[in-house]
1. May I ask you to give the percent of accessible area on segment 1-155 that is carbon plus sulfur, with a probe radius of 1.4 Å?
2. Quick one: how many lysine pairs in segment 159-218 have C-alpha atoms under 18 angstrom apart, if they're 8 or more apart or on different chains?
3. What residues have an amide H closer than 5 Å to that of SER203, excluding those fewer than 5 places away on the same chain, when H is modeled at 1.01 Å from N in the peptide plane?
4. Could you work out the Kirkwood radius for the chain, taking every pair of different alpha carbons, averaging 1/r and inverting it, reported in Å?
5. How long are the semi-axes of the equivalent ellipsoid of segment 165-234, defined as square roots of 5 times the Cα gyration tensor eigenvalues? Whole Å, largest first.
6. Hey, what's segment 37-156 come to in accessible area per residue, 1.4 Å probe, Å²?
7. Quick one: Karplus J couplings for segment 158-168, per residue in order, coefficients 6.51, -1.76, 1.60, θ = phi - 60°, nearest Hz, x for Gly and Pro?
8. Which Cα, out of ASN198, GLY181, VAL91, lies furthest along the positive dipole direction of the chain (beta carbon charges, K/R +1, D/E -1)?
Amino acid sequence: MKIKGVIFDKDGTLMDFASFWIPVAENAVKYILDIVGADNSLAGEMLNSIGVYAGIQGVLCSGTYEQIADKFYEVLSDNDIRIDKKELYAVISQAFHNSIKYGEIVPTCDNIKEVFAELKKSGRIIALVTTDDEYVTKECLERLDIYNFFDVIYSDDGIHPSKPNPYYISKLCADTGLAVGELIMVGDTMTDMKFAENGGIMSIGVAKKEKDREVIMKSADYVIDDISKLNSILR
């Protein structure tokens, strides 16, 4: 393959989703309910609304803070708790930022730093596209000790469309001079695969469990257990 640029997803692809985001979300919801003056008995409903206990395909996994705010707003409104949506968005951002200390960063493979070092040595452009904001994204990548390997990082800025809209594929091509045919996407969800499809690039699905492999292989060009197998495909 003449692949000159690799785009990574973050959660579930580079780091374990559940060990980080479930405790972060649980603590963020407590913070939000306290700020809006609501009873903590709503915590379960709030968490379920973003898919915390319903698998990795929920809004928490693939959505932005604005999309999370929409879900929380519905729950609060249904329980007669009034708050301005813009104010809620600001509260949510602060809540998650204050709660990331509760999340455990677990890389998806033991040799993640070596994987990126080899990829960097190959001369390929290394990019990240995530629905997390800049603050959380940088914190996670630094704790994984791979932040400096990335040439380009696109995180949610509340302005530009997020995955699966292919906006950041076009932007990466414009920013680096790479052609669509020279890019490949590495991700663990159907949102990532749809992002690649919408942008006209190849894709590598990451899935360890057989049920997840069966789902993602329907859309991915390749499927690997974890990113330690990545360089064997790119050679």
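1. Working: 3180 of 7090 Å².
So the carbon and sulfur contribution to the accessible surface is 45 percent.
2. The result is 6.
3. Residues meeting the criterion, in which the H sits 1.01 Å from N, are MET185, ASP221, TYR222.
4. Numbers: mean 1/r = 0.0547 Å⁻¹.
Answer for the chain: a Kirkwood hydrodynamic radius of 18.3 Å.
5. Details: eigenvalues 100, 36, 13 Å².
Semi-axis lengths for segment 165-234 are 22, 13, 8 Å.
6. Details: 5950 Å² over 120 residues.
With the other protein chains kept in place, segment 37-156 gives 50 Å² per residue.
7. Taking θ as phi minus 60°, the curve returns x, 10, 8, x, 9, 3, x, 4, x, 3, 6 Hz for segment 158-168.
8. Of ASN198, GLY181, VAL91, it is GLY181.
The values are calculated or read from the model by the stated rules, or taken from the named source; none is laboratory data. What you are looking at is a predicted structure, and each value in this text was computed from that prediction instead of being measured. Because the Cβ atoms are built from the backbone with ideal geometry, glycine has one as well, and the counts that use them run over all protein chains shown. Ligands, DNA and RNA are excluded from the accessible area calculation, which covers all protein heavy atoms including side chains. Shrake-Rupley method; radii C 1.70, N 1.55, O 1.52, S 1.80 Å.
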